[in-house]
Structures are given as structure tokens and as C-alpha cells.
Amino acid sequence: MKYIDEFRDGDLARNLAASIAAETDLGRRYHLMEFCGGHTHAISRYGVADLLPAQVQMIHGPGCPVCVLPIGRVDLAIRLALDRRVILCTYGDCLRVPASDNLSLLKAKARGGDVRMIYTPADALKAAQDHPDREVVFFAIGFETTTPPTALVIRQAAALGLKNFSVLCNHVLTPAAIAHILESPEVRQLGTLPLDGFIGPAHVSTVIGSQPYEFFAEEYRKPVVIAGFEPLDVMQAILMLVRQINEGRAEVENEFSRAVTRDGNLKAQALVSEVFELRRAFEWRGLGQVPYSALRIRDAFAPFDAEKRFALETQSVPDNKACECGAILRGVKHPRDCKVFGTVCTPENPIGSCMVSSEGACAAYYSYGRFKEVAIVSETIAAPGR
Ligand code: SF4
């Protein structure tokens, strides 16, 4: 297949659904976690769950970069914009993430903070070049997919000798989060989380490759199938997982072979390790402190590290008591389990981070998942946003 609409073909989707149904063992259940918010979005948008037999249950994972951003880190960015009067640049979906004192970066902008939405880190670098008399801070978020462009602008800023540019780094790592979900004692406190296999991320895996998931297959006996973001990709991955589970196999398979290799993008990996190193621990919204799960800027690039430049200290701030994002991000609850879902909490007025980005489980379920009858795979629907 060459064109994107071929990956959304309704007839092929129905054929795949029939194959999944035919190969499903009616005497057991299949609990499959899609780690990535892009897959959550695709499953909700194209109604994939409605095409699956009742025995196959999809569980949303924590792979939405905006959803896992802890309140304390957003607070730091807000204080930089309001108190230190920096030009604060970030991606559009960070702007509405709820923070302390009923604030968000968007509300900070309304209070006079110079908060700017950018499309790429290069836009932040340009802002620093255009405003040599102002401090410019790039509030960087995301998994392994968005880390290389951040590394690139830090290296460019060093090469240009920029004195007014820095990065508040919040880049996090996928394999550490998967390990945390499989091992964390909190999962047992919040409820049992039966997991039979993972749909592995698409874009992240183009960078890190399929090799890092082999540990989960070998050590935890959990099959992993890396899948693209189109509905047929996801359905093919589900079929491959059902087959592995039926046959008692736990392997890493790559459905997204048109973009992912075992080793990934070695140039991007080298760039990232030149600029960043592992943090001992980092707080994830919903997951708490996760060891070795995030990156910080190496000392060689310390002048571009906003945490050092502004002597920032992150405070841990609990979520709104009504919000179930923590349990949803761990896969132990569903958006419909939250009492304020769709009433007090909506995409226009998000109480928790899972309602902000289109990749968040609550936003995806709010937009596409509440009405079974609207959910079908269609050849005519436009491409997902990320
Ligand atoms: S519906 Fe809103 S408050 Fe409830 S879990 Fe989702 S984001 Fe949190």
C-alpha cells in the first residue's frame, strides 16, 4: 500500500475484524495496552474498539506527552513567563494544561506573560536571535520523537554563541514508563491491571528502533507489536498480538516496517546522547516519580539549561481531587469512571491533562467514543493531527 487512504479502507478493516474474531479464543480475554496517545486517538477516532470481539479489550497507556507533564513543571514555565518576564515558547497543546492556582500557560499569557506557541524548536531559536535583549526559554516536552529537534537547537545555540536562549527540558523515555507500569506497586493499589500485550509506539520507534522492547518480551513474557497510526495498522497489530498470545509466544514484531527498523535512527540517537543524559528520577503526571525515565541537559551545554540558568526547583503538586488521570494513565481506569467526565471537565474546560491534548484518553473518548453508532472506519476521514 502506498497511499494513506489505503490504510483506512473500510472493506479491509472489516476483513481484518473478521480475522481477529475468527482467531479469538472465546474462552479467554485479551488485555492489550496501546502505550501511545496516537494509537488511543486512532482507536477512538476510527471506532476500532467497536470492530473487536468482546474478548479483546484495549487499555489506554500513558504515552501522551502532554498528559504526563506534571503540574510542577508547568508551574515553572508559568513563573518564568510571569515573574522573570522571559519569552516562553512551547507547543500549542501545552498551553491549556491545567497548573496550580487555576492557571495554565494560556491564562498566564492573558495576564501579560509573553507566551508564544511554536511549531518547531527552531522557532524558539529564531525568537532568541530576533530579541537579543530578552531571555527566551523553550519549554520542551515529549517522548523520544521530539527529543532530537530539541538537541539540535541546543547545539545550534551553542554554535551561534547565543547568550539569551535556554531550554526547560521535560523529555521523557518510553521504555522506562512501560517498565514502571509492569512493576509499579501503585498499580496493585489502584486495581489489578491484567496485561497480555502491548501495541508499541510508531513515531517513538522510528527513533529508538524495536530493539528496546525486546527486554519486555523476554523478561516479562509480554508480546509487543509496533504499529503505525492508521486504523488498519492498529487492527493488523491487534491480530498479530492475538496470534502471539494464542500460540504462547512473547516476541517483538514490527507491523510498522515501512518506517521502523530494529536499530532505529542512529544519527538521532547520537545527537540526543551528545546533548542529554539520564535523570535519576522524574515525576510523571499520574505515574509519580519514575526512575531513569527522563533526560536532562549535559553539563557541556549548561548555559542552555533553563533549570540552571534560573536556579529552578520543581515542586510536586497533586492533581485535582476529582481527576482520575493518574489511574487512567496507568490503565486501571477508563475515562467514563471519572465523575466529572463530560460535565465539569470538557476539552473547553479541562480539569485534568488527559482532557487537553487530542492524544489524551479523556479527550479522545469525549470526541469520538461516547456514541457507539458514530464509530466506523471510513476512507474519507482526514489525517490525525500528530
Ligand atoms: S475527565 Fe477530566 S477530570 Fe476526569 S480523569 Fe479525565 S481529565 Fe481528569
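The values are calculated or read from the model by the stated rules, or taken from the named source; none is laboratory data. Since the model is a prediction, treat every value here as computed from it, not as a measurement. Because the Cβ atoms are built from the backbone with ideal geometry, glycine has one as well, and the counts that use them run over all protein chains shown. Remember, those area values only see protein heavy atoms, side chains included, never the ligands or the DNA or RNA. Shrake-Rupley method; radii C 1.70, N 1.55, O 1.52, S 1.80 Å.
Please determine, by comparing only the residues of segment 271-301 that are over 17 Å from GLU313 (Cα atoms) and among the polar types (S, T, N, Q), which one is least open to solvent (accessible area, probe 1.4 Å).
Only one residue tops the list, namely SER293.
Condition check ((1) open to solvent by 20 Å² or more (accessible area, probe 1.4 Å); (2) closer than 27 Å to ALA49 by Cα; (3) modelled with pLDDT of 95 or more) across all residues:
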| position | (1), (2), (3) |
| --- | --- |
| ILE238 | no, yes, yes |
| GLU247 | yes, yes, yes |
| ASN254 | yes, yes, yes |
| GLN269 | yes, no, yes |
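I need the strands (runs of 3 or more DSSP E) fully contained in segment 29-118, keeping only those with at least 2 residues that are under 23 Å from VAL167 (Cα atoms).
The strands (runs of 3 or more DSSP E) meeting that bar are 87-91, 114-118.
Yes/no per residue for (1) at pLDDT below 90; (2) surrounded by 22 or more Cβ atoms within 10 Å (Cβ to Cβ); (3) touching a Cys at 6+ places or on another chain (Cβ under 6 Å):
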site: HIS171; (1), (2), (3): no, yes, no
site: LEU193; (1), (2), (3): yes, no, no
site: GLY200; (1), (2), (3): no, yes, no
site: VAL204; (1), (2), (3): no, yes, no
site: ALA217; (1), (2), (3): no, no, no
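Output the residues belonging to segment 330-361 that are open to solvent by less than 40 Å² (accessible area, probe 1.4 Å), within 9 Å of the ligand (Cβ to nearest atom) and closer than 17 Å to MET33 by Cβ.
The answer is PRO335, CYS354, GLY360, ALA361.
Quick check on this structure: which one of THR206, THR150 is touching a Pro at 6+ places or on another chain (Cβ under 7 Å), in a helix (DSSP H, G or I) and touching a residue at least 24 places away in the same chain (Cβ under 8 Å)? It would help to see each step written out before you state the result.
Details: THR206 fails: touching a Pro at 6+ places or on another chain (Cβ under 7 Å).
Only one candidate qualifies: THR150.
Specify the residue that is nearest to HIS31 (Cα to Cα); the eligible residues are those in segment 153-182 that are part of a strand (DSSP E or B) and within 14 Å of the chain's Cα centre (by Cα). Step through it out loud before you land on a result.
Residues of segment 153-182 that are part of a strand (DSSP E or B), as a first pass: 165-172.
With within 14 Å of the chain's Cα centre (by Cα) added as a condition, the list becomes 170-172.
Details: ASN170: 30, HIS171: 28, VAL172: 25 Å.
Per the stated criteria, the residue is VAL172.
Of all strands (runs of 3 or more DSSP E) completely enclosed by segment 222-286, which ones contain at least 3 residues that are closer than 28 Å to ALA140 by Cβ and of a type in the set (A, V, I, L, M, F, W, C)?
Here the list reads 281-284.
Residue by residue, here is whether (1) touching a Phe, Trp or Tyr at 6+ places or on another chain (Cβ under 6 Å); (2) crowded, with 19+ Cβ neighbours inside 10 Å holds:
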{"residue": "VAL56", "(1), (2)": "yes, yes"}
{"residue": "PRO70", "(1), (2)": "no, yes"}
{"residue": "ARG73", "(1), (2)": "no, yes"}
{"residue": "THR90", "(1), (2)": "yes, yes"}
{"residue": "ASP101", "(1), (2)": "no, no"}
{"residue": "ALA110", "(1), (2)": "no, no"}
{"residue": "TYR119", "(1), (2)": "no, no"}
{"residue": "ASP133", "(1), (2)": "no, no"}
{"residue": "VAL137", "(1), (2)": "no, yes"}
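Do the conditions hold for GLU307, that is, is it more than 10 Å from the ligand (Cβ to nearest atom), more than 16 Å from ASN102 (Cα to Cα) and in a helix (DSSP H, G or I)?
yes
When only residues in segment 317-327 that are within 8 Å of the ligand (Cβ to nearest atom) and at pLDDT 90 or above count, which is farthest from the chain's Cα centre (by Cα)?
ALA322
Go over the candidates ARG309, ARG370 one by one and state the one that is among the basic types (Lys, Arg) and at pLDDT below 95. Explain how you work it out, then say what you get.
Numbers: ARG309 fails: at pLDDT below 95.
Result of the check over ARG309, ARG370: ARG370.
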